[in-house]
1. Which residues, taken from region 57-67, are loosely packed, with under 15 Cβ neighbours inside 10 Å and either under 13 Å from the mean Cα position of the chain (by Cα) or of a type in the set (Ser, Thr, Tyr) (or both)?
2. Pick out the one residue from Ser66, Ser72 that is farther than 17 Å from Phe123 by Cβ, among the hydroxyl-bearing types (Ser, Thr, Tyr) and in a strand (DSSP E or B).
3. So in region 25-49, with the set limited to residues that are among the small types (Gly, Ala, Ser) and modelled with pLDDT of 90 or more, which one is most open to solvent (accessible area, probe 1.4 Å)?
4. Testing Ile70 on (1) open to solvent by 60 Å² or more (accessible area, probe 1.4 Å); (2) farther than 20 Å from Pro118 by Cβ; (3) modelled with pLDDT under 95; (4) touching an Asp or Glu at 6+ places or on another chain (Cβ under 9 Å), one condition comes back false. Which one is that?
5. Looking only at region 75-100, filter to residues that are touching a residue at least 24 places away in the same chain (Cβ under 8 Å), part of a strand (DSSP E or B) and not hydroxyl-bearing (Ser, Thr, Tyr); which one of those is farthest from Pro118 (Cα to Cα)?
6. Return the pairs, sorted by first residue and then second, in which the second residue is among the basic types (Lys, Arg) and open to solvent by 10 Å² or more (accessible area, probe 1.4 Å), the first residue lies in region 43-65 and is under 14 Å from Leu83 (Cβ atoms), the beta carbons are less than 6 Å apart, and the residues are 6+ apart or on different chains.
Amino acid sequence: MKKIFISVLFVAIVFVFSGCADKSETSQKSLAVGKYVMEESDEVIKPNIQLQDDNKFIFNYSALSSYIAIGSYEVDDDSKLILKTDDGKYQYMFEIKDKTLIFISEESSEMLGNVNIPDGSVFTISK
């Protein structure tokens, strides 16, 4: 009887800890895929980020730039979205807050061309 109790207790503990195993996966699931747009921009084509189901992204930050950032994304334990380009040259950081993305310029790579995305710029999902 004692062995059965210990076995049941062990299985219960495993289930409890497996539910708390990966905070980034939980954060990533709460981040909706879709197109996030910097509505405050005065540009004709507003800077935008397209997040796709397969953890891929397209970041169009300037219509005047010939470079379009394409790569994969992840969400870290601090609820930051990290965009990493496939060519390995660039990384862009955003804070995830209230279903928006807030640009963190000091943790991001420099953008090519004439770009006006100040630190703290908010990107909201378009509907």
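The values are calculated or read from the model by the stated rules, or taken from the named source; none is laboratory data. Values in this document were obtained by computation on a predicted structure and should not be read as measured data. Glycine also receives a Cβ, built like all others from the backbone with ideal geometry; neighbour counts cover every protein chain displayed. Note: areas computed on protein heavy atoms with side chains; ligands, DNA, RNA excluded. Shrake-Rupley method; radii C 1.70, N 1.55, O 1.52, S 1.80 Å.
1. Kept after step one, since they are loosely packed, with under 15 Cβ neighbours inside 10 Å, are these residues of region 57-67: 63-66.
Ser65, Ser66 - these are the residues of region 57-67 that are loosely packed, with under 15 Cβ neighbours inside 10 Å and either under 13 Å from the mean Cα position of the chain (by Cα) or of a type in the set (Ser, Thr, Tyr) (or both).
2. None of the others qualify; the one that does is Ser72.
3. Out of the qualifying residues, it is Ala32.
4. If we test Ile70 against (1) open to solvent by 60 Å² or more (accessible area, probe 1.4 Å); (2) farther than 20 Å from Pro118 by Cβ; (3) modelled with pLDDT under 95; (4) touching an Asp or Glu at 6+ places or on another chain (Cβ under 9 Å), just (3) comes out false.
5. Step one: of region 75-100, the residues touching a residue at least 24 places away in the same chain (Cβ under 8 Å) are 75-77, 79-81, 83, 92, 94, 96, 99-100.
So of that shortlist, the ones also part of a strand (DSSP E or B) come out as 75, 80-81, 83, 92, 94, 96, 100.
Still in the running and not hydroxyl-bearing (Ser, Thr, Tyr): 75, 80-81, 83, 94, 96.
Numbers: Val75: 21, Lys80: 17, Leu81: 17, Leu83: 17, Phe94: 12, Ile96: 16 Å.
Ranking the candidates gives Val75 first.
6. Within 6 Å, the pairs are Asn48/Lys35; Gln50/Lys35.
Per-residue answers, yes or no, for (1) modelled with pLDDT of 95 or more; (2) over 20 Å from Ala32 (Cα atoms); (3) out of contact with any Leu (no Cβ under 8 Å at 6 or more places or on another chain); (4) open to solvent by less than 40 Å² (accessible area, probe 1.4 Å):
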{"position": "Ile82", "(1), (2), (3), (4)": "yes, no, yes, yes"}
{"position": "Glu95", "(1), (2), (3), (4)": "yes, no, no, no"}
{"position": "Glu107", "(1), (2), (3), (4)": "yes, yes, yes, no"}
{"position": "Asn116", "(1), (2), (3), (4)": "no, yes, yes, no"}
{"position": "Ser121", "(1), (2), (3), (4)": "yes, no, yes, yes"}
